[in-house]
1. Which cross-chain or sequence-distant (5 or more) residues have an amide H under 5 Å from the amide H of Phe101, H modelled 1.01 Å from N in plane?
2. Pop out the ³J(HN,Hα) list for the stretch 39-45 in order, Karplus 6.51 cos²θ - 1.76 cosθ + 1.60 with θ = phi - 60°, rounded to Hz; leave Gly and Pro as x.
3. Share of Cα-Cα pairs in the chain beyond 30 Å, in percent?
4. For the cross-link pairs Lys51/Lys169; Lys166/Lys196; Lys81/Lys162; Lys166/Lys211; Lys24/Lys58, which exceed 22 Å when the distance is taken from alpha carbon to alpha carbon?
5. Considering amide H positions built from the backbone, and no H for Pro or chain starts, which residues 5 or more places from Ala164, or on another chain, come under 5 Å of its amide H?
6. Evaluate the distance, in nm, between pseudo-label points positioned 7 Å from the Cα of Ser37 and of Lys24 along their respective Cα→Cβ axes.
7. Enter the Cα centre distance for the pair the stretch 48-112 and the stretch 129-150, rounded to the nearest angstrom.
8. When the Karplus curve 6.51 cos²θ - 1.76 cosθ + 1.60 is applied with θ = phi - 60°, which whole-Hz ³J(HN,Hα) does each residue of the stretch 155-162 get, with x for Gly and Pro?
Amino acid sequence: MKIQGIGLLLASMTLLAGCAVGNKYDYDASRANLAYSGARRVTVAAWEQRKYVLSGDKKPDFVGLQRGNMGVPFDVVTGSKQPLAMEMTGSLILSLTGAGFTASPVTLTQKDTEGSAVYALLRNKPARAVLLRVDNWESDTFKNPTVYYDLTLNVYDGSGRKLAAKNTKGSQDLEGSFFNAPGKAKKAVPEAFRLKIEQLLNAPEIVAALK
């Protein structure tokens, strides 16, 4: 019985190690629930400013780490293999259009400044421009995921004047699973992002700027 128990434990550890490799999270389907509606035409972009991506240490599709049974980290990437900024833009578009706004995406580069980013957002003369600055977003999962975040949502009018800005920054421990940590994190981490976006979009200053 003891031998069988050891064998089962070793098999479980091997399975956990294998599950740590090749994980992907989907962010573009994360629709926030807005407590208001609007009809303005807006352009939207997420602006990649994570230092570990700008330096080339991590690729733009990097979203976090999944650790094996010995704690060895493996990179987690976006489900689409597109840059995280593109998936976050998709989430914002989904959230705003769901509230009645006419929202269209704008693609930025890592080398963009805030000025050039706003210029790109205003190229088609929208009523409002929404820029999500992503200074940090990554998760680290062994059993329980921890999310590290630094997100700033900016709203500009059609002339490029900043009407509002709201930041959320910190870390958050999420509920995990011993036997299926990757599967639990795959759902919990994007849901944590959805809630952060929901918090930002429903901030009073952002609501006033968009409406």
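1. HN-HN under 5 Å from Phe101: Gly38.
2. After applying 6.51 cos²θ - 1.76 cosθ + 1.60, I find 10, 5, 8, 10, 10, 9, 8 Hz.
3. For the chain, the share of Cα pairs beyond 30 Å comes to 27 percent.
4. Lys81/Lys162
5. For Ala164, whose amide H was placed from the backbone, the distant partners under 5 Å are Val155.
6. Label-label distance for Ser37 and Lys24, simple model: 3.6 nm.
7. 9 Å
8. Working through the residues one at a time gives 10, 10, 8, x, 9, x, 6, 6 Hz.
Where a number appears in this text, it was derived from the coordinates with a stated rule and is not lab data. All values reported here derive from a predicted model rather than from experimental measurement. We place every Cβ from the backbone using ideal geometry, glycine too, and count neighbours over all the protein chains shown.
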